[in-house]
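K.L.:
Please see the structure below; I have some questions.
The values are calculated or read from the model by the stated rules, or taken from the named source; none is laboratory data. What you see is a predicted model; the values in this text were computed from it and never measured. Counting neighbours? That spans all protein chains shown, and the Cβs are built from the backbone with ideal geometry, glycine included.
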Amino acid sequence: MSKVGEKTLSVYGNVVRQFNKAADLIDFDPEIRKILAKTQNEVIVNFPAIMDDGHIEIFTGYRVQHNNGLGPYKGGLRFHPAVDIDEVRALATWMTWKSAIVNIPFGGAKGGIQVDPSKYSQSELQRITRRFTFALGCNIGPEFDIPAPDVNTNSQIMAWILDTYLSTQPPHTRQANVHVVTGKPVESGGSLGRDKATGQGVVFTLAEWAKDRKFDLKGATYFVQGFGNVGSWTSILLKPYGAKLVAVEDICGAYENPHGIDPDELNAYFKQNRTFDGFRNLKKIDHKQFLGTKADIFVPAALENQITAETAQLFNVKVIAEGANGPTDPDGDEILQQKKIDLIPDILCNAGGVIVSYFEWLQNKRSEFWDLEEVDSKLRKLIVGGYDRVRAAAKKHKTDWRTAAYVVALSRLEKVYKERGIFP
């Protein structure tokens, strides 16, 4: 469950509502609907890890596998104190839709540990990560379920998972299992472009939206919620288009500068100081002021349920590009539609991460290494293809873009299930 103000919202409940809305619209096969309405496997592990002072702590980890109709389960791992089974179910389900929309051969999964990584040393995080990997055991695998980075996890954590997993395999098979995780450091089998992939996808979809609307991104104003991997890369990659960052928010607070904020300089400052305080010409504002920022574009790139019936009233933008997973709940969606604010939904907008994860997985399987130009070119082709399919579905069914994105995903999965049948 995620908290917004005093209200507690079920993230998975939102997923179910979105799913049912799209399924009802297209008269979705009721038998296949039963399958996709449930997760296939849910793994909860409680495991010990030794702290630096020698005492033992017990942690709870999750891996939820929603569906593998299109290919191996695929999805990130997050380390966050709010991680619970409801959230992980929702994230796993979104991964299934995401892969289906952009036509990659993956299913959906997600996982994580209920932990605040800021409270642990690097050596403690390494032991926690390795023990979690060992506890998951054969519930992950390079042709079965492939984890990746997510909130508060990175390429270093993926390298620890890789090393731990390979250590559990027979020596003669270890090099055949390097694709058990994606988002690895480049030196350990990672792909060029993976670090910026999600932000790059956000920018590619925004560029398509601008083309559709005959809107010039040069001089466009935008603000970003969350300045981790997705928020920072989106900002940095919008800079060459001539767009201007005017406000930013993270756990340390919200700040604005209507004259523009240089995203490269802000990112360097934030990485060094872990706060925006002290960065030149930034004025601190409250959360409501931030959401009410007058701009062309808003990029939510933080956690779920940030745009609700209450907060959606505050927005004064042309388009919202969802860099985060599930930043808008169904009630917030309705308000945005009433306000005629365009929306590029998360399961399309932030699919760049899973697309380049797929590229990394392929490179590992083939013992290949692609240059950045090839990665970016292939990424743009796949995500723009997804954008075109969602736009066509929205037009055909006269519906909003989120529902249209679900329609694209469900239609693809329905076709696969009808072709293959249900065993026995």
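K.L.:
Could you check VAL356 against (1) assigned by TED's automatic domain parsing to the domain that holds LEU237; (2) assigned to a helix (DSSP H, G or I); (3) in contact with a helix residue (DSSP H, G or I) (Cβ under 9 Å, 6 or more places away or on another chain) and say which number it fails?
P.N.:
With (1) assigned by TED's automatic domain parsing to the domain that holds LEU237; (2) assigned to a helix (DSSP H, G or I); (3) in contact with a helix residue (DSSP H, G or I) (Cβ under 9 Å, 6 or more places away or on another chain) applied to VAL356, the lone miss is (1).
K.L.:
Which of the residues that make up segment 257-308 are surrounded by 14 or more Cβ atoms within 10 Å (Cβ to Cβ) and small (Gly, Ala, Ser)?
P.N.:
Of everything in segment 257-308, those that are surrounded by 14 or more Cβ atoms within 10 Å (Cβ to Cβ) and small (Gly, Ala, Ser) turn out to be GLY292, ALA295, ALA301, ALA302.
K.L.:
Kindly list, by first and then second residue, each pair from a residue in segment 329-345 that is closer than 9 Å to ALA312 by Cβ to a residue that is in a helix (DSSP H, G or I) and basic (Lys, Arg), limited to pairs with Cβ atoms under 8 Å and residues at least 6 apart or on different chains.
P.N.:
As it stands, the answer is ASP333/ARG402, since those pairs meet every condition given.
K.L.:
Something else about it: Quickly run through segment 191-226 and pick out the residues that are buried (at least 24 other Cβ atoms within 10 Å of the Cβ), touching a residue at least 60 places away in the same chain (Cβ under 8 Å) and in a loop (DSSP other than H, G, I, E, B).
P.N.:
The answer is SER191, ARG194.
K.L.:
Looking at (1) of a type in the set (Ser, Thr, Tyr); (2) assigned to a helix (DSSP H, G or I); (3) surrounded by 14 or more Cβ atoms within 10 Å (Cβ to Cβ), find the lone condition where SER377 falls short.
P.N.:
(3)
K.L.:
Exactly one condition in (1) of a type in the set (Asp, Glu); (2) farther than 28 Å from VAL354 by Cα; (3) in a strand (DSSP E or B) is false for ASP277; which is it?
P.N.:
Going through (1) of a type in the set (Asp, Glu); (2) farther than 28 Å from VAL354 by Cα; (3) in a strand (DSSP E or B) one by one, ASP277 breaks only (3).
K.L.:
Could you list, in sequence order, the residues of segment 320-347 that are touching a helix residue (DSSP H, G or I) at 6+ places or on another chain (Cβ under 6 Å), aliphatic (A, V, I, L, M) and under 20 Å from PHE223 (Cα atoms)?
P.N.:
Across segment 320-347, the qualifying residues are ALA321, ILE335, LEU336, LEU343, ILE344.
K.L.:
On to the next question. Since GLN272 meets every condition but one in (1) without any contact (Cβ under 8 Å) to a residue 40 or more places away in the chain; (2) assigned to a strand (DSSP E or B), which condition does it not meet?
P.N.:
Among (1) without any contact (Cβ under 8 Å) to a residue 40 or more places away in the chain; (2) assigned to a strand (DSSP E or B), the lone unmet condition for GLN272 is (2).
K.L.:
Among the listed residues THR129, THR164, identify the single one that is over 25 Å from PHE423 (Cβ atoms) and over 23 Å from the mean Cα position of the chain (by Cα). Step through it out loud before you land on a result.
P.N.:
Numbers: THR129 fails: over 23 Å from the mean Cα position of the chain (by Cα).
Only one candidate passes the filter, namely THR164.
K.L.:
Among the residues of segment 228-252 satisfying the criterion of being modelled with pLDDT under 95 and of a type outside the set (S, T, N, Q), which is surrounded by the most Cβ atoms within 10 Å (Cβ to Cβ)? It would help to see each step written out before you state the result.
P.N.:
Initially, segment 228-252 is screened for residues modelled with pLDDT under 95, giving 228-229, 250-252.
The next check asks that each one be of a type outside the set (S, T, N, Q); those that pass are 228, 250-252.
Numbers: GLY228: 17, ASP250: 20, ILE251: 12, CYS252: 14.
The selected residue is ASP250.
K.L.:
Right, something else. State which residue pairs qualify: first residue free of Cβ contacts under 8 Å to residues at least 40 places away in the same chain and inside segment 129-149, second residue surrounded by fewer than 17 Cβ atoms within 10 Å (Cβ to Cβ) and in a loop (DSSP other than H, G, I, E, B) in any location, beta carbons under 8 Å apart, and separation of 6 or more residues or different chains.
P.N.:
Cβ pairs passing all conditions: GLY137/THR168; CYS138/PHE144.
K.L.:
Kindly indicate whether ASP388 is among the acidic types (Asp, Glu) and within 30 Å of GLU334 (Cα to Cα).
P.N.:
Working: among the acidic types (Asp, Glu): yes; within 30 Å of GLU334 (Cα to Cα): yes.
Considered against the rule, which asks whether it is among the acidic types (Asp, Glu) and within 30 Å of GLU334 (Cα to Cα), ASP388 comes out as yes.
K.L.:
Keeping to segment 382-403, report how many residues are surrounded by 14 or more Cβ atoms within 10 Å (Cβ to Cβ), out of contact with any Pro (no Cβ under 8 Å at 6 or more places or on another chain) and not aromatic (Phe, Trp, Tyr). Let's see the steps before the verdict.
P.N.:
Taking segment 382-403 and keeping what is surrounded by 14 or more Cβ atoms within 10 Å (Cβ to Cβ), we get 382-384, 386-387, 389-391, 393-394, 397, 399-403.
Retained after the next criterion (residues that are out of contact with any Pro (no Cβ under 8 Å at 6 or more places or on another chain)): 382-384, 386-387, 389, 391, 393-394, 397, 399-400, 403.
When the remaining residues are screened for being not aromatic (Phe, Trp, Tyr), the result is 382-384, 386, 389, 391, 393-394, 397, 399-400, 403.
Qualifying residue count, segment 382-403: 12.
K.L.:
Please give the strands (runs of 3 or more DSSP E) falling wholly within segment 21-136 in which 3 or more residues are among the small types (Gly, Ala, Ser) and buried (at least 24 other Cβ atoms within 10 Å of the Cβ).
P.N.:
Per the criteria, 108-114.
K.L.:
Next question, about the same structure. Of all residues being aromatic (Phe, Trp, Tyr) and in contact with a strand residue (DSSP E or B) (Cβ under 9 Å, 6 or more places away or on another chain) in segment 365-424, which is farthest from THR93 (Cα to Cα)? Just the residue, please.
P.N.:
Taking segment 365-424 as the starting set, the residues that turn out to be aromatic (Phe, Trp, Tyr) are 369-370, 387, 401, 406, 417, 423.
This time we only want the ones that are in contact with a strand residue (DSSP E or B) (Cβ under 9 Å, 6 or more places away or on another chain), so: 387, 401.
Details: TYR387: 19, TRP401: 18 Å.
This residue is TYR387.
K.L.:
Turning to a different aspect of this structure: Give segment 76-93 a look and list any residue that's out of contact with any strand residue (DSSP E or B) (no Cβ under 7 Å at 6 or more places or on another chain) and hydrophobic (A, V, I, L, M, F, W, C), or say none.
P.N.:
ALA90, the sole residue that qualifies.
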